[in-house]
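These notes are about the structure you will find just below.
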Amino acid sequence: MLLVIDVGNTNTVLGVFDEKNLIHSWRIRSDKNMTEDEFNVLVSSLFNERKLDITGFRGTIISCVVPRMMMILNAFCLKYMHHPPIWVDASTVSSIMPILYSNPSEVGADRIVNAIAAYSRYKAALIVIDFGTATTFDVISRKGEYLGGAISPGIMISSDALFLNASKLPRVEIFSPPDKVIGKDTAESMKSGIIFGYAGLVDGMVARIKKELDEKPLIIATGGLAPLMNHVSESIEHVDSSLTLEGLRIIYDHLHDK
């Protein structure tokens, strides 16, 4: 079995693959202050629930955008998994996908993983939108080149900023779209502005990116809020919730087939 870990600023997603099949996955809070022993207690609890032996894994591969978590996870893998993890960055994947960024090392590991997974699955020009702490737009050519992209504040960050900086506005839940754009009270109005306004951001960015391309891309969405945005965005064509985990498996298998 293979353990794959995607560490984001807000959440960490773990997946277990048996060959090419994702058999288990979990989403936990990213905690920069835990120790490798505390992380092991958490992971062991998850594994025990599914009757998984923590020592029975052939390898671990990690994408991480939180530098302080790298030391914790490296120590966890060495101490409890009994092998060093593979860390994903631009140099790791240079033989899989050309990174046409001015400085390839600046591209976040999660963005690289998403791009590789999406291209492997769809074999087309793509815009991959990942709805995480930040919302990222990653552009892949028909030839499988990572062309670049855009980064905007995530929908939860935008919502929290409105609540924290406008003293009379309440915090609202944004896990489902309102029935109408025109809200009849403050909470409805905020929910409409946040969700439909963010859909406008997504559709506007996709339209602008398309104008700079010589080919028509498929629009793929992933991340925790992708299903919600799929209901309100006019440009999203496919939602692929396991894209990042699948990309980590693809990279691991490619490196071990060389």
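Per-structure values
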{"quantity": "Residues located in the range 107-135, provided they are hydroxyl-bearing (Ser, Thr, Tyr) and surrounded by 21 or more Cβ atoms within 10 Å (Cβ to Cβ)", "calculated": "Tyr119, Thr135"}
{"quantity": "Hey, Lys180 in a loop (DSSP other than H, G, I, E, B) and modelled with pLDDT under 95 or not", "calculated": "yes"}
{"quantity": "Residue match in the range 51-66 (condition: out of contact with any strand residue (DSSP E or B) (no Cβ under 6 Å at 6 or more places or on another chain) and closer than 24 Å to Gly224 by Cα)", "calculated": "yes"}
{"quantity": "Candidate set from the range 48-73 (those that are part of a helix (DSSP H, G or I) and buried (at least 17 other Cβ atoms within 10 Å of the Cβ)); member that is nearest to the chain's Cα centre (by Cα)", "calculated": "Met69"}
{"quantity": "Number of positions in the range 14-28 that are over 16 Å from Ile54 (Cα atoms), without any contact (Cβ under 8 Å) to a residue 60 or more places away in the chain and of a type outside the set (Val, Ile, Thr)", "calculated": "2"}
{"quantity": "Of all residues making up the range 81-126, the number that are assigned to a helix (DSSP H, G or I), under 20 Å from Ile219 (Cβ atoms) and of a type in the set (A, V, I, L, M, F, W, C)", "calculated": "6"}
{"quantity": "Residues of the range 192-206 classified as over 15 Å from Gly132 (Cα atoms) and aromatic (Phe, Trp, Tyr), total", "calculated": "1"}
{"quantity": "Residue tally, condition assigned to a strand (DSSP E or B), at pLDDT 95 or above and hydroxyl-bearing (Ser, Thr, Tyr), over the range 137-160", "calculated": "1"}
{"quantity": "Residue selected from the range 199-225 under the condition in a loop (DSSP other than H, G, I, E, B) and not charged (D, E, K, R), by the criterion surrounded by the most Cβ atoms within 10 Å (Cβ to Cβ)", "calculated": "Gly223"}
{"quantity": "Residues of the range 206-220 that turn out to be touching a Ser or Thr at 6+ places or on another chain (Cβ under 8 Å) and more than 17 Å from Tyr146 (Cβ to Cβ), as a count", "calculated": "2"}
{"quantity": "Some residue of the range 184-198 being of a type in the set (Lys, Arg), more than 19 Å from the chain's Cα centre (by Cα) and not in a helix (DSSP H, G or I)", "calculated": "yes"}
{"quantity": "Residue check for Ser242: at pLDDT 95 or above, among the polar types (S, T, N, Q) and either farther than 24 Å from Thr10 by Cβ or surrounded by fewer than 16 Cβ atoms within 10 Å (Cβ to Cβ) (or both)", "calculated": "no"}
{"quantity": "Selection from the range 183-192 of residues that are among the small types (Gly, Ala, Ser) and modelled with pLDDT of 85 or more", "calculated": "Gly183, Ser189, Ser192"}
{"quantity": "Leading residue by the ranking (surrounded by the fewest Cβ atoms within 10 Å (Cβ to Cβ)) among those in the range 161-189 that are closer than 23 Å to Ala226 by Cα and either among the hydroxyl-bearing types (Ser, Thr, Tyr) or touching a Cys at 6+ places or on another chain (Cβ under 8 Å) (or both)", "calculated": "Ser176"}
{"quantity": "Extreme residue, farthest from the chain's Cα centre (by Cα), among residues of the range 76-86 that are surrounded by fewer than 16 Cβ atoms within 10 Å (Cβ to Cβ) and free of Cβ contacts under 8 Å to residues at least 40 places away in the same chain", "calculated": "His82"}
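The values are calculated or read from the model by the stated rules, or taken from the named source; none is laboratory data. What you are looking at is a predicted structure, and each value in this text was computed from that prediction instead of being measured. Ideal geometry is used to build each Cβ from the backbone, glycine not excepted, and the neighbour counts take in all protein chains shown.
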